[in-house]
Amino acid sequence: MTTRNGSSSALVVVDVQVGVVAPAWDRQRILSNVVLAVRRARDANLPIVWVQHHDEELQRDTPAWQWVPELDPRAGEVRIHKSYNSSFENTELSTELERRDVSHIFLAGAATNWCIRATAYGALERGYDLTLLSDAHMTRDTELAPGRVVTARSMIDDLNLAMRRLSYPGRVNAALPVAEAMFA
């Protein structure tokens, strides 16, 4: 029930880059779920959009900037380069999704508290239906001050809860494990 024109879905994989996910909490389990999401999307012939971050700290073409070896973007799959948290800001993401008649986004990647959160809200604000793959996004613990840490698990749980409970007019949003998501 999107407010966008379109009848297709796409998987958007954000920032699963060596330097971004190396310190992530429960990295191997969550990364295996991202790999599963990619496989299931390909099996369902869904477009996959690979979003790759770069900035002063994460410079293009460095080892840290590369996709993790477990993922293999294929020729013909869309690649978007970004330098802001939201995958929509100053990128061609909306244009590429419109070209593919996409109105529903499955979202996976890193980092939960930054780029996944910003992209999720950006998608909903632009009228897309959204399914956050609840077991396929990751981050690391964040120290706010000495003795004050926000755990990765709590940030993941918080965003999953928000995507289950938020309400936008004319849009449907959810947070589902990869195994329960209907990619067809």
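The values are calculated or read from the model by the stated rules, or taken from the named source; none is laboratory data. A quick note: this is a predicted structure, and the numbers were derived from the prediction, not measured. Neighbour counts are summed over all protein chains in view; Cβ atoms, including those assigned to glycine, are modelled from backbone coordinates with ideal geometry.
For the condition surrounded by fewer than 13 Cβ atoms within 10 Å (Cβ to Cβ) and either without any contact (Cβ under 8 Å) to a residue 40 or more places away in the chain or under 16 Å from Ala123 (Cα atoms) (or both), what is the one hit in Arg4, Arg39? Spell out the reasoning first.
Values: Arg4 fails: surrounded by fewer than 13 Cβ atoms within 10 Å (Cβ to Cβ).
The unique qualifying residue is Arg39.
Screening the candidates Ala118, Ala136, Ala123 for the property of being over 19 Å from Arg40 (Cβ atoms), hydrophobic (A, V, I, L, M, F, W, C), crowded, with 24+ Cβ neighbours inside 10 Å and at pLDDT 95 or above yields one hit, Ala123. Sub-6 Å Cβ pairs linking a first residue in segment 140-168 that is acidic (Asp, Glu) to a second residue that is assigned to a helix (DSSP H, G or I) and at pLDDT 95 or above, at least 6 apart or interchain, are Asp141/Ala152, ordered by first then second residue. Restricting attention to segment 86-100, the residues that are among the basic types (Lys, Arg), surrounded by 13 or more Cβ atoms within 10 Å (Cβ to Cβ) and not in a loop (DSSP other than H, G, I, E, B) total 0. Across segment 65-85, a minimum of one residue is classified as assigned to a loop (DSSP other than H, G, I, E, B), hydroxyl-bearing (Ser, Thr, Tyr) and free of Cβ contacts under 8 Å to residues at least 40 places away in the same chain.
Which one is surrounded by the most Cβ atoms within 10 Å (Cβ to Cβ), of the residues in segment 61-78 that are of a type in the set (Gly, Ala, Ser) and under 12 Å from Val49 (Cα atoms)?
Kept after step one, since they are of a type in the set (Gly, Ala, Ser), are these residues of segment 61-78: 64, 75-76.
Add one more test, that the residue is under 12 Å from Val49 (Cα atoms), and what stays is 75-76.
Values: Ala75: 4, Gly76: 7.
Ranking the candidates gives Gly76 first.
The single condition among (1) in contact with a helix residue (DSSP H, G or I) (Cβ under 8 Å, 6 or more places away or on another chain); (2) touching a residue at least 24 places away in the same chain (Cβ under 8 Å) that Ile30 does not meet is (1).
State all residues of segment 108-135 that are charged (D, E, K, R), outside any strand (DSSP E or B) and under 15 Å from Arg4 (Cβ atoms); if no residue qualifies, say none.
Narrowing segment 108-135 to residues charged (D, E, K, R): 117, 125-126, 129, 135.
This time we only want the ones that are outside any strand (DSSP E or B), so: 117, 125-126.
Listed by number, the residues that qualify are Glu125, Arg126.
Inside segment 169-183, can you point out the residues that are closer than 24 Å to Ala24 by Cβ and either touching a His at 6+ places or on another chain (Cβ under 9 Å) or free of Cβ contacts under 8 Å to residues at least 12 places away in the same chain (or both)? Result: Glu180, single match.
For the residues Arg171, Arg100, the requirement of being more than 22 Å from Asp43 (Cα to Cα) and of a type in the set (Lys, Arg) singles out Arg171.
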